[in-house]
Amino acid sequence: MNDTIRKFGYPETLVRDYAHWLVLLRPAQPTLGSLVLAARSDATAFGDLPAEAHAELAVVTRDIESALKQAVAYERINYLMLMMVDPHVHFHVIPRYADARSHGDLAIADAGWPKPPALGEAVALDAAQIAALVGWLKGHFAS
């Protein structure tokens, strides 16, 4: 696994894996259900990924959107490719909504709604919260 994947807490944050992609829980949640979609590759440019990774992206994004629609009933979804600090190809997947969403005793409002996501307002999760959210979100992905 590349350093970017490890930085986002792999393997503890792993929600779903694919041949060319990993879906990880984002350890800092600007909105409930925020994910990182990371390429398994060491590529640092989106265009350098193999054609198979680009083709698989259609399946992965469809799965993500279905799972997050079930889990948090998002109103919009943002895919942000912010590779300034973490150089390997990855997207921050941020479900967006006007009203707070909750799971268990964790409730998170979308502080940026309806403007760009307020990434600086993200809720930092502890290990127990990460484990709980990973387990919950895995249940929303088709096998």
Of all residues being free of Cβ contacts under 8 Å to residues at least 12 places away in the same chain and farther than 15 Å from residue 34 by Cβ in region 64-86, which is surrounded by the fewest Cβ atoms within 10 Å (Cβ to Cβ)? Just the residue, please.
84
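I'd like the residue in region 1-21 that is aliphatic (A, V, I, L, M) and farther than 17 Å from residue 94 by Cβ and, out of all such residues, is surrounded by the most Cβ atoms within 10 Å (Cβ to Cβ). Even if it seems obvious, please write down each step before you answer.
Of all residues in region 1-21, those aliphatic (A, V, I, L, M) come to 1, 5, 14-15, 19.
Subset that is farther than 17 Å from residue 94 by Cβ: 1, 5, 14, 19.
Working: 1: 13, 5: 21, 14: 17, 19: 10.
Looking at residues that are aliphatic (A, V, I, L, M) and farther than 17 Å from residue 94 by Cβ, I get 5.
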Take the residues in region 87-104 that are touching a strand residue (DSSP E or B) at 6+ places or on another chain (Cβ under 8 Å) and more than 18 Å from residue 25 (Cβ to Cβ), then tell me which one is surrounded by the fewest Cβ atoms within 10 Å (Cβ to Cβ).
100
Sort through 66, 143 and tell me the only one that's closer than 20 Å to residue 15 by Cβ and at pLDDT 95 or above.
66
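Being in a strand (DSSP E or B), of a type outside the set (Ser, Thr, Tyr) and within 12 Å of the chain's Cα centre (by Cα) is the filter here; which residues of region 77-110 pass it? Reasoning before the result, please.
Taking region 77-110 as the starting set, the residues that turn out to be in a strand (DSSP E or B) are 77-80, 90-96, 101-103, 106-108.
Right, trim to of a type outside the set (Ser, Thr, Tyr) and you get 77-78, 80, 90-96, 101, 103, 106-108.
Within region 77-110, 77, 78, 80, 90, 91, 92, 93, 94, 95 meet the criteria.
Tell me the residue from 35, 24, 57 that is in contact (Cβ under 8 Å) with a residue 40 or more places away in the chain and either surrounded by 13 or more Cβ atoms within 10 Å (Cβ to Cβ) or out of contact with any strand residue (DSSP E or B) (no Cβ under 9 Å at 6 or more places or on another chain) (or both), please.
On the way: 24 fails: in contact (Cβ under 8 Å) with a residue 40 or more places away in the chain; 57 fails: in contact (Cβ under 8 Å) with a residue 40 or more places away in the chain.
When all the criteria are applied, what remains is 35.
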Yes or no: region 112-119 includes at least one residue that is touching a residue at least 12 places away in the same chain (Cβ under 8 Å), touching a helix residue (DSSP H, G or I) at 6+ places or on another chain (Cβ under 6 Å), at negative phi and hydrophobic (A, V, I, L, M, F, W, C).
no
Here are some conditions: (1) outside any helix (DSSP H, G or I); (2) over 17 Å from the mean Cα position of the chain (by Cα); (3) of a type outside the set (A, V, I, L, M). Residue 47 meets all but one. Which one does it not meet?
(1)
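The values are calculated or read from the model by the stated rules, or taken from the named source; none is laboratory data. From a predicted model like this one, the values you see are computed outputs, not experimental measurements. Quick reminder, even Gly has a Cβ in these numbers, built from the backbone with ideal geometry, and neighbours come from all protein chains shown.
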